[in-house]
1. Please find, among 37, 118, the residue that is surrounded by 13 or more Cβ atoms within 10 Å (Cβ to Cβ), part of a helix (DSSP H, G or I) and over 15 Å from the mean Cα position of the chain (by Cα).
2. So, in segment 117-128, how many residues would count as being within 10 Å of residue 91 (Cα to Cα) and either touching a strand residue (DSSP E or B) at 6+ places or on another chain (Cβ under 7 Å) or at pLDDT below 95 (or both)?
3. How many of the residues making up segment 87-115 are touching a strand residue (DSSP E or B) at 6+ places or on another chain (Cβ under 7 Å), closer than 28 Å to residue 139 by Cα and part of a helix (DSSP H, G or I)?
4. Mind checking whether some residue in segment 188-196 is at pLDDT 95 or above and not in a loop (DSSP other than H, G, I, E, B)?
5. Which one of the conditions (1) modelled with pLDDT under 95; (2) part of a helix (DSSP H, G or I); (3) farther than 28 Å from residue 191 by Cβ does residue 6 fail to meet, given that it meets all the rest?
6. I need a count of the residues in segment 179-201 that are in contact with a helix residue (DSSP H, G or I) (Cβ under 7 Å, 6 or more places away or on another chain), surrounded by fewer than 21 Cβ atoms within 10 Å (Cβ to Cβ) and at negative phi.
7. So residue 212 clears everything in (1) outside any loop (DSSP other than H, G, I, E, B); (2) in contact with a strand residue (DSSP E or B) (Cβ under 8 Å, 6 or more places away or on another chain); (3) surrounded by fewer than 16 Cβ atoms within 10 Å (Cβ to Cβ) except one condition, right? Which one?
């Protein structure tokens, strides 16, 4: 079915939602949902590389997620460290660059070390760039950008110069946003960058998101006509 794809988004962003509900429906602790969610991440990365997507941004942990139970937060952070350290060979084999975006203040030292290791060891990869949004908030990113501008010598600002103060100004805006679990909101994710992004919502919980579900989103995307505010010829 992949051969039927003729319009591949350059950048896909995903809000990976539903780990906790996946576990609850099976009578399991929420942490098991996060462990299964990690498996879905690897499948998604490999499939994105397979179809030719160049940028994949995954919303892993928001600034608001610190309000979750401490055991759940600890599990998420531990899984992140474990995943980075174990999956670097897989990333290298698939020519995948790993980078992070978000506030690094407040993160565990072990998390920061793993992040730096992942970025360093995959820095020469170029087929696909995976961006992990960690301790991220769209509002915080805009506020941090404004504060950087206030501390700089910039006399005037436009859209292009403003985005140079973002966490990852080199990353193009997403063409497609996918959110799993049936929720239909963007939850403080990439508020500036999603201005003209196509949105796709699925009821599938994140641990169950597979190649078939990814294809459904891509087929829906290629049926869209992106106008960016302009009137196209009939």
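1. Values: 37 fails: over 15 Å from the mean Cα position of the chain (by Cα).
Every option except 118 fails the conditions.
2. First, pick out the residues of segment 117-128 that are within 10 Å of residue 91 (Cα to Cα): 118, 121-122, 125, 128.
Subsequent filtering for residues that are either touching a strand residue (DSSP E or B) at 6+ places or on another chain (Cβ under 7 Å) or at pLDDT below 95 (or both) retains 118, 122, 125, 128.
Of the residues in that region, 4 qualify.
3. 1
4. Here is the first cut: in segment 188-196, the ones at pLDDT 95 or above are 188-196.
If we keep only those that are not in a loop (DSSP other than H, G, I, E, B) too, we end up with none.
Scanning segment 188-196 turns up no residue that is at pLDDT 95 or above and not in a loop (DSSP other than H, G, I, E, B).
5. Single failed check for residue 6: (2).
6. Summing the residues that are in contact with a helix residue (DSSP H, G or I) (Cβ under 7 Å, 6 or more places away or on another chain), surrounded by fewer than 21 Cβ atoms within 10 Å (Cβ to Cβ) and at negative phi in segment 179-201 gives 4.
7. Of the numbered conditions (1) outside any loop (DSSP other than H, G, I, E, B); (2) in contact with a strand residue (DSSP E or B) (Cβ under 8 Å, 6 or more places away or on another chain); (3) surrounded by fewer than 16 Cβ atoms within 10 Å (Cβ to Cβ), the odd one out for residue 212 is (2).
The rows are residues; the columns are (1) within 24 Å of residue 20 (Cβ to Cβ); (2) surrounded by fewer than 17 Cβ atoms within 10 Å (Cβ to Cβ); (3) at pLDDT below 95.
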{"site": "45", "(1), (2), (3)": "yes, no, no"}
{"site": "55", "(1), (2), (3)": "no, no, no"}
{"site": "68", "(1), (2), (3)": "yes, yes, yes"}
{"site": "98", "(1), (2), (3)": "no, no, no"}
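The values are calculated or read from the model by the stated rules, or taken from the named source; none is laboratory data. Not measured: the values here are computed from a predicted model. All Cβ positions, even for glycine, are placed from backbone atoms using ideal geometry, and neighbour counts span all protein chains on display.
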